[in-house]
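> Questions regarding the structure given below will be posed in turn.
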Amino acid sequence: SPNNYSLIRTADDVTLTAQQVTQGADSKIQADTLTVLTQQGALLAGANSVNTFSAFNALFGDVAFNNASSLLTVTGVDAASSNLTLSQAGDLLVTGLVMSGPQTIATTGKLTVLGDAANSGQLSAFGGQTISAHAIDVVAQDGGSAFIGNDGAGDQVITVAGGGSSAGLDVRTV
């Protein structure tokens, strides 16, 4: 609820299924895995702390998720006609297809896009893509694929703002 404090707290998994989901800034979701299934978007702007996230948005409406954890694994987002905003305080690991309209991906840690024989790791935007991270690794292993891409109109802007020996952009096939 956007005007009331609410808390979902479990060591297990949470699935939110609704036409539209809107979370107030004072609300929190604390869970191992969060799955969001909507038709008209999900705006999850609270102080969330989950380890794994996935979302499916069937029709229209933006998808936004704010999270703070040491590592957030995104196993998939299907929001083909919608804006996607992911904000992560910590490292971000993408192990599945993340597909949307314009994307804004921000992490205070390292962004890793990892593909293997079972899953293709992809950040795939249509209409613009803005990514900021301390470091970025794009890794394809065991015959899989991994990529970051933007199609259609709109700029692709990638900012690596880290310092020290762990900062930078690394693209590997192993």
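Derivation of every value follows stated rules applied to the coordinates shown; laboratory data play no part. Since the structure is predicted, the reported quantities are computational estimates derived from the model, not experimental observations.
> Over region 25-174, what is the mean sequence separation of C-alpha contacts under 8 Å (at least six apart), divided by residue count, expressed as relative contact order in percent? Don't skip to the end; give the middle numbers.
On the way: 490 pairs, mean separation 22.3, N = 150.
For region 25-174, the relative contact order is 15 percent.
> Run through every distinct alpha carbon pair of the chain and return the Kirkwood hydrodynamic radius in angstroms, one decimal place.
Result for the chain, one decimal place: 16.1 Å.
> Gaussian network model of the chain, Cα springs within a sub-10 Å range: biggest mean-square fluctuation belongs to which of 74, 157, 14?
In this elastic network of the chain, the residue with the biggest mean-square fluctuation among 74, 157, 14 is 157.
> Report the residue, chosen from 16, 92, 123, that carries the largest GNM mean-square fluctuation when the chain is represented by alpha-carbon nodes joined by springs under 10 Å.
16
> How much of the pair distance distribution for region 1-102 lies past 18 Å, counting alpha-carbon pairs only, in percent? Please report the intermediate quantities before stating the final value.
Details: 2062 of 5151 pairs.
Of all Cα-Cα pairs in region 1-102, 40 percent lie more than 18 Å apart.
> How compact and how long is region 81-130, expressed as Rg and Dmax of its alpha-carbon atoms in Å?
Reported Rg and Dmax, both Å: 11.0, 29.
> Then there is this: On a C-alpha basis, how far is the centre of region 105-144 from the centre of region 85-101 in Å? Whole number, if you could?
8
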